[in-house]
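Encoded as structure tokens, the structure appears first; notes follow it.
The values are calculated or read from the model by the stated rules, or taken from the named source; none is laboratory data. What you see is a predicted model; the values in this text were computed from it and never measured. Heads up, the Cβs are rebuilt from the backbone with ideal geometry, glycines too, and the neighbour counts pull from every protein chain shown.
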Amino acid sequence: MALPVSKKLLDEFEPDEFPFPALLKPLEGAGGIGIKLVDDAKEMIQVLSRDENYLNGFFIQEYIQGYDIDMSLFSMDGKILFHTIQRGMMGGSFEFPKGIEFIKNGELFDLVTDIIEKLRFTGIAHLDFRYDSTRKVYILIDFNARYWSSLQGSRLMGVNFPVLATAYTFDIPFEYPDYSTGYFYYGTAAIKRVLKNFSSESKYPVQIRNTQIYSIARDPLPEILYLIKRLVKINS
């Protein structure tokens, strides 16, 4: 299949080989930290010379005008058994979003179905796409065969991926769920969104149960252990 993907090059290349503007990304990092949009080769060289984020290497990626969208799924032998589709909200240009909107998108679902079928893929996966608003196509950015950070949101929308994947593995019968559309907010983003709703024209419905705060209040132990782990790492 001819699948649109973003152009990427590692740190050894000639500037004429790549179209600008482009995204400059450090090899080490996560959550959008260190990503810079550069307009030309001259600006790229200036950023590399003064930013320590790129000391351990970098890669440059085609900048696509549009928006990010992704699909999470569990499949067996190329057949998707359950999934969710979501878009980020309340993030900076390249930062990890502070909120997620779960949506239905038949075109993206059909594209991912085709990919999974041709790969005969089995297991958990999270596919990151960028919708190219110029070419009107979905560009595959990343294929992660692992769990992802929006699991809590998927669970609140009706698809508990870890539980369902485990049930399938142990032949425990269950109905394959569909998911609800709606919003999920991380951490204090829910509080900020409520306050902004009073003054902003762009209003988002916020339900406490659809927030990370609600999940932590119901089961605080994982968050406590995570904070202890971070404190130990900082002090070591």
Selection from segment 213-236 of residues that are of a type in the set (Gly, Ala, Ser) and farther than 16 Å from Leu151 by Cβ: Ala217, Ser236
Answer yes if at least one residue in segment 116-133 is in contact (Cβ under 8 Å) with a residue 60 or more places away in the chain and among the aliphatic types (A, V, I, L, M), and no otherwise. no
Per the list (1) touching a strand residue (DSSP E or B) at 6+ places or on another chain (Cβ under 8 Å); (2) more than 30 Å from Asp114 (Cβ to Cβ); (3) at pLDDT 70 or above, residue check on Asp39 breaks on (1)
When segment 92-123 is examined, which residues are found to be crowded, with 19+ Cβ neighbours inside 10 Å and either within 18 Å of Asn160 (Cα to Cα) or at pLDDT below 95 (or both)? Pro97, Lys98, Gly99, Ile100, Phe102
When segment 158-176 is examined, which residues are found to be farther than 18 Å from Ile85 by Cα, in contact with a Leu (Cβ under 9 Å, 6 or more places away or on another chain) and either touching a residue at least 12 places away in the same chain (Cβ under 8 Å) or β-branched (Val, Ile, Thr) (or both)? Tyr168
For segment 59-67, does any single residue satisfy the condition of being within 30 Å of Tyr186 (Cβ to Cβ), more than 25 Å from the chain's Cα centre (by Cα) and modelled with pLDDT of 70 or more? no
